[in-house]
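The values are calculated or read from the model by the stated rules, or taken from the named source; none is laboratory data. Note that this is a predicted model, so its numbers are computed, not measured. Every residue, glycine as well, gets a Cβ built from its backbone with ideal geometry; the counts of neighbours run over all protein chains shown. When the accessible area is computed, the model is the full protein with side chains, heavy atoms only, and any ligands, DNA or RNA have been set aside. Shrake-Rupley method; radii C 1.70, N 1.55, O 1.52, S 1.80 Å.
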Amino acid sequence: MKSIRSIYKIGNGPSSSHTVGPYSAAKEFRSRYADADGFAVTLYGSLAMTGDGHGTANAIRAAIPDAEIYFDTETNIELLPHPNTMDFIAEKKGKEVGRARVMSIGGGSVLFEGEHNSEYDDIYPQKNFTEMLDYCEEQDITLQEFIYQREPGDIKEYLREVWQAMVDCVRRGLKTEGILPGGLNIDRKAKKLFDTVSYNESSDITMDRLISAFAYAVSEENASEGQVVTAPTCGSCGVIPSVLYYMRFYRGFTEDEIIDALAVAALIGNVISTNASISGAQCGCQAEIGSACSMAAGALAILYKMGTGQIEYAAEVSMEHNLGLTCDPVKGLVQIPCIERNAVAAMRAVTAVNLSRFLFRTRKISFDTVVETMYRTGLDMDVRYKETAHGGLAQLYKE
């Protein structure tokens with residue numbers, strides 16, 4: 001299993017698979033053919049079908065300003081090596097000097113076909129969450145201690161950088177008002193949620209309102225192509241920051257505790273990415289929001305110093321009740337239903353942790369089982385519901 005660094009990437013929205021990944025791929029391809037005087041990029045599958053709304057062309061041109069970009073919506077997705085596939089061609093004086101096929105596999109990660117990427121080298125010998133929990137029990141260590149033993153380099157410093165980017169994103173989003181770009185004429189709502197207090201607001205309602213406001217803040221920054229952190233994707237980037245921001249600044253947890261929580265959340269995301277998928281184009285929104293919800297629940301359980309059984313139960317409940325969630329962005333924009341969905345998932349993570357306090361000994365389903373179920377469900381899902389903007393709300397929405 002690879003490093004947890006692959007789960008958190010700082011980049012610009014609105015989509016890790018459609019902007020962060022393609023930008024990275026374009027930048028790398030451009031560097032390989034620095035002497036070329038022309039570039040062409042063909043987008044296939046989900047990248048072609050939602051590329052305009054997801055800002056893919058903008059992301060590629062940020063790395064290759066003069067690139068000619070083509071949207072191939074005719075090639076059958078099932079014939080592609082991945083639903084997010086791109087072909088890059090470099091030319092000099094009218095002759096081709098290089099080409100590459102690249103897959104944007106989710107969370108901002110990319111694979112150049114036929115090449116080795118050290119990002120995917122295994123540093124965890126365990127194959128799934130059960131094996132990790134068994135190892136921790138045998139060694140009498142916590143999950144965060146297990147992570148810090150395995151991760152190369154100063155992983156805590158990297159997580160501090162990630163956390164600061166999340167905090168900055170929440171604060172920018174809370175200050176900004178106006179209309180989101182893209183043509184749906186959606187008002188930014190984070191500031192209103194944050195500022196509006198009900199006259200009879202209980203502490204529980206206050207928590208719900210604030211966590212929702214923070215989720216909206218991050219998701220609206222993402223929809224505006226602002227800088228966010230994939231957690232594990234851009235489309236689900238509001239879930240973890242909203243929960244942890246509330247716990248840090250309203251419940252008094254220390255930054256060191258937040259870093260431990262982020263580490264364990266990333267490990268959970270890593271298990272999902274390795275054994276299933278975090279790509280909406282591959283498995284629907286259950287792979288994005290479901291994964292983020294599980295990660296946030298695991299992070300919360302760490303903050304509350306719960307045992308490994310409670311952590312697993314919270315993560316399992318979170319994913320189980322997102323099974324079958326479709327990815328059907330209206331007009332290909334990461335706005336409806338994506339922004340609201342981040343807030344709902346954040347609150348679901350809180351609920352899952354509350355259940356795990358009391359019921360973890362009664363569970364019948366392991367986290368690994370529900371991850372496998374999510375993956376099989378995603379493979380069975382009709383392609384229209386996997387980030388193509390051709391089904392569900394995207395098809396039925398009317399102005």
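I need a count of the residues in the range 324-348 that are part of a helix (DSSP H, G or I), open to solvent by 30 Å² or more (accessible area, probe 1.4 Å) and over 26 Å from M207 (Cβ atoms).
So the answer is 1.
Mind counting the residues in the range 266-312 that are in a loop (DSSP other than H, G, I, E, B) and crowded, with 24+ Cβ neighbours inside 10 Å?
The number of residues fulfilling the criteria is 6.
Look at F253 and say whether it is open to solvent by 20 Å² or more (accessible area, probe 1.4 Å) and over 12 Å from the mean Cα position of the chain (by Cα).
yes
Report every pair of residues separated by at least 6 positions or lying on different chains whose Cβ atoms are under 8 Å apart, first residue within the range 215-230 and under 17 Å from C293 (Cα atoms), second open to solvent by 10 Å² or more (accessible area, probe 1.4 Å) and assigned to a loop (DSSP other than H, G, I, E, B).
Once the first residue is under 17 Å from C293 (Cα atoms) and sits in the range 215-230, its partners that are open to solvent by 10 Å² or more (accessible area, probe 1.4 Å) and assigned to a loop (DSSP other than H, G, I, E, B) give Y216/R188; Y216/K189; S219/V334; V229/K9; T230/K9.
Do we have any residue at all in the range 117-125 that's touching a Leu at 6+ places or on another chain (Cβ under 9 Å), farther than 26 Å from T254 by Cβ and modelled with pLDDT of 95 or more?
Scanning the range 117-125 turns up at least one residue that is touching a Leu at 6+ places or on another chain (Cβ under 9 Å), farther than 26 Å from T254 by Cβ and modelled with pLDDT of 95 or more.
For residues that are under 25 Å from the mean Cα position of the chain (by Cα) and either over 18 Å from S3 (Cβ atoms) or open to solvent by 30 Å² or more (accessible area, probe 1.4 Å) (or both), tally how many sit in the range 89-121.
15
With respect to M49, is the statement that it is within 26 Å of I339 (Cα to Cα) and touching a residue at least 60 places away in the same chain (Cβ under 8 Å) true?
Answer is yes for this residue.
Suppose we filter the range 376-399 for residues that are farther than 15 Å from I278 by Cα, open to solvent by less than 60 Å² (accessible area, probe 1.4 Å) and either small (G, A, S) or assigned to a helix (DSSP H, G or I) (or both); how many remain?
Result for the range 376-399: 4.
Given the residues T369, T351, which is the only one that is over 23 Å from S212 (Cα atoms), of a type in the set (V, I, T) and not in a loop (DSSP other than H, G, I, E, B)?
Answer to the selection: T369.
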